[in-house]
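To start, the structure under review is shown below, and the notes come after it.
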Amino acid sequence: MADSKYVLEVNDLHTSFFTDSGEVKAVNGINFKLEPGKTLGIVGESGSGKSVTAYSIMQILAQAGRITSGEVLYKGEDITKYSEKEMQKFRGSKCSIIFQDPMTSLNPVFTVGYQLEEAIMLHTNKNRAQARERAIELLKLVGVNDPEKRIHQYPHEHSGGMRQRDMIAMALACEPDILIADEPTTALDVTIQAQILELMQKLQKELGMAIIMVTHDLGVIASMCDEIMVMYGGRVCERGTADDIFYAPAHEYTKGLLRSIPRKENMNKKLVPIGGTPINLLNMPAGCAFCPRCDEAMKICLTEAPEEIRVGDTHLASCWMNIKEAFENSKEA
Amino acid sequence: MSEEKYLLEVEHLKQYFPVKEGFRKVPLKAVDDISFAIKPGETLGLVGESGCGKTTVGRTLLRLYQPTAGRIVFDGEVLFDSEKKIDVDMHPFRKQMQMVFQDPYSSLDPRMTVEDIIGEPLDVHKLYSSKGERRDKILSLMETVGLNAEHAMRYAHEFSGGQRQRIGIARALAVDPKFIVCDEPVSALDVSIQAQVVNMFEEIQEKLGVAYLFIAHDLLVVHHISDRIAVMYLGHIMEIADADDLNNNPVHPYTLSLLSAVPIPDPETARNSKRIILEGDVPSPLKMPSGCPFRTRCKYATEQCAREMPPLTDRGDRHFVACWNK
């Protein structure tokens, strides 16, 4: 039986897409545990499998996608074994998701209020009038001004930031235990992004839900997350607390990422980019996925994928460099 | 007039677009009375939220739009002056002013090979005497932006986003310009690729001495690449100063909140810093507030702000601010 301390536990999750040109292993053996009220950040470039991880938990993969092995435990229960009907109950009431583009995730031909009420009525036995009350309450909660009027408007009448608030209201309709946010602020301006991030932190404190934050923005990750998981080519490079990742990165990819973004320390210096181009998932190297772009690559990196190694109390990394360093240190000692 | 020689001077530039509202046509003031100057080899960063008119500024400078009013001087020659009714033919100047677009996917013709994409500006301005010379020029341009010569016969779709942006940059460099408008050139790229392209912009500038107008919404990238930064809000420049000065001592309340809203990739700073959250959204440019456009979201707003737009005044060290209260 799994530890009930965690609201979500993912063990060795593999997800593949079966395309005409072959099997694409989008997620390749992922493990993590999520405590209630905590925020996990998943960071990576496009094609790193961060979104697919999120979609796998919700089981909203496209037709060709399938979880091939592993388990996703929600409070100790494996939801990959759920039937579609059980999943429908799970989605929305236990775990909700908000997407990057609030315009395409709202239906343009129904009013915002109607769509909110729909979500509420689906998961509770409220009637339309009660659902409307709840919808207004939710919009108030997420800081939409004048919700009584806004509820009758269509999504196109709302601004980008407000639409994202609508989406959050919808996601919170049934007070889920987990909120998955897939690049929730990428399409928004910085000032609006700050509003939305602040709102998510406030709601998390009030409602005590766990958040999985999927993003490519290291800035957003640094300000929001307790724990961070860095992904590359469908695998986890490194996971640990925010301080572990930012102040003691133990994977060459994470180190490279931190060198390549403009920060206070390198404002007047040249950025150090990661060479090469992101990986093609159809053509994965035998060893470490990052090996073709890694400056420190060794012989073993070409042939064998590194296993997850504990480098600190809360810090795990999959990079052979750590073994090499540990070996060298032991020789010196 | 100052003694310093500027490559590009813009004075009181206005760009209005007519928008139908019922039966009436009302002007949408995309750019409303802005002035700035860029020195040769300098990078001016232009930041602001979407809809503030930063892209319009870039396009108006290159005269992809017909300016409504104002004056544009490039390299000592007046390109446009609404008062003196000067409006020159842009064709010869396009050799000196170029543009790199945001989306590397839609800004390259899918039916042309890389060689033809980069070669087209050479064709238009007849910059070669023989086919061999054309090819040599194209290959050397490809080398400048870090593309292999064997890629010349490929089509745009065969490249990744970062490589496509390199093709776009090579095309802009083909005519040996003095000034390039970079309209969000790294926004569509992955983090690890962004640094490659930012570095390339800096290297090209060191080598060729081109000046950039670098338009972007990512303030950290803009800070890194720019010498000076201008902050725009609803068609007006609110503050313009040296990059470090603007970041260390922002004066305008809008700049302040914009900078505080940027998520800093550093957990320690993130824990300790306080975001200044702006209330509400940017007003519609069709229903612009009277006076200072920022006053509806500004906590210092007074009556004077509602009456009059504050002028851009020098606060020392070429740090210009448009605010009555600060």
Hey, got the dipole for segment A:169-227? About the Cα centre, +1 on K and R Cβ, -1 on D and E Cβ, debye to the nearest 20? 140 debye
Please compute the contact order of segment A:1-51 in relative form: average sequence separation of alpha-carbon pairs under 8 Å and at least six residues apart, divided by the residue count, as a percent. 35 percent
If the only charges are +1 at each Lys and Arg Cβ and -1 at each Asp and Glu Cβ, what is the size of the charge dipole of segment A:208-306 around the Cα centre, to the nearest 20 debye? 380 debye
With labels modelled as points extended 7 Å from the Cα through the Cβ direction, what inter-label distance (nm, one decimal) is found for B:H91 paired with A:E296? 5.9 nm
Unit charges at the beta carbon, dipole of chain A: most positive-side option, A:P273, A:L73, A:I180: A:I180
For segment B:132-185, size of Cβ-based charge dipole, Lys and Arg +1, Asp and Glu -1, in debye: 100 debye
Which one, B:N247, B:A149, A:F290, is farthest towards the positive end of the dipole of the protein assembly as shown when Lys and Arg carry +1 and Asp and Glu -1 on their Cβ? B:N247
Residue exposure sequence - B:W324, A:W320 - by fewest surrounding Cβ within 10 Å: B:W324, A:W320
Quantify how strongly other chains surround peptide A:276-287 by giving the mean number of their Cβ atoms within 10 Å of each of its Cβ atoms. 2
Can you sort A:C237, B:C182, A:C174 by how many other beta carbons sit within 10 Å, fewest first? A:C174, B:C182, A:C237
In terms of the alpha carbon gyration tensor, root eigenvalues a ≥ b ≥ c, rounded if a/c is under 1.5 and otherwise prolate when a/b exceeds b/c or oblate, segment B:149-206 is oblate
Dipole of chain B, positive end: most advanced residue of B:V222, B:S82, B:V321 [Cβ charges, Cα centre]: B:S82
Pull up the cross-link candidates among the lysines for A:K89, meaning alpha carbon to alpha carbon under 30 Å and not fewer than 8 places away within one chain. A:K5, A:K25, A:K33, A:K38, A:K50, A:K75, A:K81, A:K126, A:K140, A:K202, A:K205
With runs of 4+ DSSP H residues as the only contributors, calculate the mean residue ellipticity of chain A at 222 nm using -39,500 (n - 2.57) per run, divided by the residue total and rounded to the nearest 500. -10500 deg cm²/dmol
Are there cysteines in chain A with no other Cys C-beta under 4.7 Å, and if so, which? A:C95, A:C174, A:C225, A:C237, A:C294, A:C319
Partner aspartates and glutamates whose C-alpha sits under 20 Å from that of B:K126, ignoring same-chain residues fewer than 8 away, are B:D89, B:E115, B:D116, B:D136, B:D176
Based on the alpha-carbon gyration tensor of segment B:107-203 and its eigenvalue square roots a ≥ b ≥ c, which shape applies: rounded if a/c is under 1.5, prolate if not and a/b is larger than b/c, or oblate? prolate
To the nearest 10 degrees, how steep is helix A:128-141 against the longest Cα principal axis of chain A, on a 0 to 90 scale? 50 degrees
Can you classify the protein assembly as shown as rounded, prolate or oblate using the Cα gyration tensor, where a ≥ b ≥ c are the square roots of its eigenvalues, rounded means a/c under 1.5, and otherwise it's prolate if a/b beats b/c and oblate if not? oblate
Report, to the nearest 10°, how far helix B:191-208 tilts away from the longest principal axis of the Cα atoms in chain B, using its own Cα long axis and a range of 0 to 90°. 80 degrees
By how many degrees, between 0 and 90 and to the nearest 10, does the Cα long axis of helix A:190-207 differ from the longest principal axis of chain A? 80 degrees
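We did not get these values from a lab; they are worked out from the coordinates using the rules stated. Quantities reported herein were computed from a predicted structural model and do not represent experimental measurements. Here the Cβ is made from the backbone with ideal geometry for all residues, glycine too, and neighbour counts use every protein chain on show.
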